[in-house]
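Peer 1: Okay, here's the structure, questions in a sec.
The values are calculated or read from the model by the stated rules, or taken from the named source; none is laboratory data. None of the values given here were measured: they were computed from a predicted structure. Positions of Cβ are backbone-derived with ideal geometry, glycine not excepted, and every protein chain shown enters the neighbour counts.
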Amino acid sequence: MGLVLHNLVCRRGGRLILSDVSFVVPAGGALVLRGPNGVGKTTLLRSLAGLIPIAGGTARLFDTSLGPEAEGVALSGHLDAVKPGLTVAETLAFWARLYGTDMAPALQAFGLAPLRARAAGRLSAGQKRRLGLARLALSGARLWLMDEPTVSLDTDGVAEVTALLERHLAMGGIAVISTHLSLPLAAETLTLRAPGVDTRPDPFLTGFDA
Amino acid sequence: MNPALALLRRDVLLALRSGGSTVEALIFFLIVIVLVPLGTGPDADILRALAPGTLWLAALLACLLSLDRLFQADFEDGSLDALALSPLPLEAIVALKALAHWITTGLPLTLIAPLLALMLNLAPDRLVWLLLGLLAGTPALSFIGAIGAALTLGLRRGGLLIGILTLPLYIPTLIFGARTMADAPLPALALTFALTLFVLALSPFATARILRIQMR
């Protein structure tokens, strides 16, 4: 049973960011997180990655519970984790060795092959993003957590990300994606709301329409 | 290639390519050693007496120079998050990064030190002890420094703060290290090495713990 979240509570610096987040994503499924800026999309992704301790509730990926040192999770954040001093091929080769996988498919997948000898510091923002996302393909992780993956990508880039995601899902992987742009992907959507904010109409203001 | 070797190779490569930390440390080391006779005067006996302490102090300070970049660059570009989620435990990542720092800073300093020691009129029969002492002691400088680098992560002008936090912890290494050039060098060398082994065992766990808090 894929990724199961039950009443997850996330705190950051003592402040309650998210409470009672529950959802189920089956193997081969994707979940798109939506919600206004600051609602906790990044916090949720970092909690699932085990970088922020989970304050309450449970998060399970297949048979293991998620948290610090959990295996099989890969995160691509706002930042691309790309070193300006390494070439594209060196960057991919490093991650492939670290994860114990083969770099060739990642080099092909994002149209990075023609850039292989170029220093990452000389790539455009979109090319850096592609290089950063190619790391997910190398990780061999079953759960991909993606924070705004399509920022600064062109339409071809978005199509390539979608194709990469579809291959990952087809192999029984799971993806949780936070995005403001629509991805052409069959995915469930979860809209996050800030906790503790009463959304009922204020009884003292009913009748006023200022 | 083994994942640990891949990380070590990457960090050494980045340090050498970013043009500078090794060369900076060596030039700083050289300048301090050249300045000391200008301050104390050219009296050969005074210089000989000052040489062990001066060499070790200069090596300590040169090591500090590049410590603030140990985790900072990876923290700023998101690589640290990605490394933390890799199959290598964070403790191993910390140890490998500190080792890469030693290879690009402590080791070159050690190798050039005998040459500079001649400028301070250190007796030639003490040169081998200087070399052995630095070889045994400088890894501790990188590994203690890793704790300071992790504590000051994300701070602006953290470099100065690293010095304030780290230099007091360098005191035992400095004392025993400089004593390796005294009349009975062997016990001091053994103690320097023992201290380094203690730090090597402890620092990765402390540093990884601090980094986990910094990444929240």
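Peer 1: Return only the number of the condition from (1) buried (at least 20 other Cβ atoms within 10 Å of the Cβ); (2) under 18 Å from the mean Cα position of the chain (by Cα) that A:Gly140 does not satisfy.
Peer 2: A:Gly140 satisfies every listed condition except (1).
Peer 1: Same structure again: Only helices (runs of 4 or more DSSP H) wholly contained in the range B:1-73 count here; list those with 1 or more residues that are touching a residue at least 60 places away in the same chain (Cβ under 8 Å) and more than 14 Å from every other protein chain (Cβ to nearest Cβ).
Peer 2: Details: elements: B:3-17, B:21-40, B:44-65.
Per the criteria, B:21-40, B:44-65.
Peer 1: Now for a separate question. Only one of these is buried (at least 19 other Cβ atoms within 10 Å of the Cβ), assigned to a loop (DSSP other than H, G, I, E, B) and either over 12 Å from the mean Cα position of the chain (by Cα) or within 14 Å of chain A (Cβ to nearest Cβ) (or both): B:Leu96, B:Leu153, B:Leu83. Name it.
Peer 2: On the way: B:Leu96 fails: assigned to a loop (DSSP other than H, G, I, E, B); B:Leu83 fails: assigned to a loop (DSSP other than H, G, I, E, B).
Residue meeting the stated conditions: B:Leu153.
Peer 1: Based on this model, can you work out whether A:Arg129 counts as modelled with pLDDT of 85 or more, touching a helix residue (DSSP H, G or I) at 6+ places or on another chain (Cβ under 8 Å) and surrounded by 23 or more Cβ atoms within 10 Å (Cβ to Cβ)?
Peer 2: Values: modelled with pLDDT of 85 or more: yes; touching a helix residue (DSSP H, G or I) at 6+ places or on another chain (Cβ under 8 Å): yes; surrounded by 23 or more Cβ atoms within 10 Å (Cβ to Cβ): yes.
Judged against the criteria, A:Arg129 is a match.
Peer 1: Could you list, in sequence order, all residues of the range A:149-159 that are on the phi < 0 side of the Ramachandran plot and either in a helix (DSSP H, G or I) or of a type in the set (Ser, Thr, Tyr) (or both)?
Peer 2: The initial filter retains those residues of the range A:149-159 that are on the phi < 0 side of the Ramachandran plot, namely A:149-151, A:153-159.
Selection gives A:Thr150, A:Thr155, A:Asp156, A:Gly157, A:Val158, A:Ala159.
Peer 1: Here is a further query. Filtering the range A:60-76 down to residues that are modelled with pLDDT under 85 and among the small types (Gly, Ala, Ser), which residue is surrounded by the fewest Cβ atoms within 10 Å (Cβ to Cβ)?
Peer 2: Selected residue: A:Ser65.
Peer 1: In the range B:177-191, which residues are part of a helix (DSSP H, G or I), under 15 Å from B:Arg126 (Cβ atoms) and at pLDDT 90 or above? It would help to see each step written out before you state the result.
Peer 2: At the first step, the residues of the range B:177-191 found to be part of a helix (DSSP H, G or I) are B:177-179, B:185-191.
Filter once more, keeping what is under 15 Å from B:Arg126 (Cβ atoms): B:177-179, B:185-186, B:188-189.
Result: B:Gly177, B:Ala178, B:Arg179, B:Leu186, B:Ala188, B:Leu189.
Peer 1: Does B:Asp43 fit the bill of being over 14 Å from B:Thr104 (Cα atoms) and charged (D, E, K, R)?
Peer 2: It is true that B:Asp43 is over 14 Å from B:Thr104 (Cα atoms) and charged (D, E, K, R).
Peer 1: Quick check, is B:Leu130 modelled with pLDDT under 95, closer than 22 Å to B:Leu200 by Cβ, among the aliphatic types (A, V, I, L, M) and part of a loop (DSSP other than H, G, I, E, B)?
Peer 2: Working: modelled with pLDDT under 95: yes; closer than 22 Å to B:Leu200 by Cβ: yes; among the aliphatic types (A, V, I, L, M): yes; part of a loop (DSSP other than H, G, I, E, B): no.
No, not satisfied.
Peer 1: Now, a different point. Hey, A:Ile17 hits all of (1) in a loop (DSSP other than H, G, I, E, B); (2) over 16 Å from the mean Cα position of the chain (by Cα) but one; which does it fall short on?
Peer 2: Among (1) in a loop (DSSP other than H, G, I, E, B); (2) over 16 Å from the mean Cα position of the chain (by Cα), A:Ile17 violates only (1).
Peer 1: For a quick check of your reading: which strands (runs of 3 or more DSSP E) sit entirely within the range A:51-148 and have at least 1 residues that are at the interface with another protein chain (Cβ under 8 Å from one of its Cβ atoms) and under 19 Å from A:Leu164 (Cβ atoms)? Even if it seems obvious, please write down each step before you answer.
Peer 2: On the way: elements: A:54-61, A:73-76, A:143-147.
Filter on the range A:51-148 gives A:73-76.
Peer 1: Quick check on A:Leu153: is it more than 13 Å from the chain's Cα centre (by Cα) and free of Cβ contacts under 8 Å to residues at least 40 places away in the same chain?
Peer 2: Numbers: more than 13 Å from the chain's Cα centre (by Cα): yes; free of Cβ contacts under 8 Å to residues at least 40 places away in the same chain: yes.
Against the criterion (more than 13 Å from the chain's Cα centre (by Cα) and free of Cβ contacts under 8 Å to residues at least 40 places away in the same chain), A:Leu153 qualifies.
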